[in-house]
1. Just to confirm my understanding: which cysteines in the chain have no other cysteine beta carbon less than 4.7 Å from their beta carbon?
2. Under 14 Å from a point 7 Å along the Cα-to-Cβ line of V21: which residues of the stretch 43-74 have their amide N that close?
3. Apply the Karplus curve 6.51 cos²θ - 1.76 cosθ + 1.60, θ = phi - 60°, to the phi angles in the stretch 12-27 and return the couplings in whole Hz, x for Gly and Pro.
4. Please report, in debye to the nearest 20, how large the charge dipole of the chain is about its Cα centre when each Lys and Arg carries +1 at its beta carbon and each Asp and Glu carries -1 there.
5. Which residue, E35, E23, E13, has the most motion in a Gaussian network model of the chain that connects Cα atoms within less than 10 Å?
6. Can you compute the label reach from R55? Point 7 Å from Cα along the Cβ direction, backbone N cut-off under 19 Å, restricted to the stretch 11-40.
7. When V7, V26 are ordered from fewest to most other Cβ atoms inside 10 Å of their Cβ, what list results?
8. Need the full-extension length gain, M64 to F3, defined as separation in residues times 0.36 nm minus the C-alpha distance. One decimal, nm.
Amino acid sequence: MSFQVTVDAQRCEGARECIEVCEPRVFAMRPPPPEVGWLQRLKVRVHGGKQAFVRAEAACTGCMKCVTACPEQAIQVR
């Protein structure tokens, strides 16, 4: 079974909790995309200047640990 994983760039502040709990390494970090607003960019900067993004969606096992761990509720798994 495959899962669809998304990270909302308008919510993710780059706290890295998803990176830490995801054993299959579905997520990685990168600078925010250009469409992210200035306030969100400021929040991301506080956490190191990078946001989570889905790097390896096919590796997702659907455990939902990332959804539970994300303090901004920026991750969805379907």
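1. So, C12, C22, C60, C63, C70.
2. 61-74
3. Once rounded to whole Hz, the list reads 5, 9, x, 6, 6, 4, 5, 4, 6, 8, 8, 5, x, 6, 5, 9.
4. The calculation lands at about 180 debye.
5. Between E35, E23, E13, it is E35 that shows the largest mean-square fluctuation.
6. Zone members listed by number: 12-33.
7. V7, V26
8. Full extension from M64 to F3 adds 20.9 nm.
Just so you know, all these numbers are worked out from the coordinates, no wet-lab data involved. The structure displayed is predicted, hence computed values, not measured ones. Note that we place each Cβ from the backbone using ideal geometry, even for glycine, and neighbour counts take in every protein chain shown.
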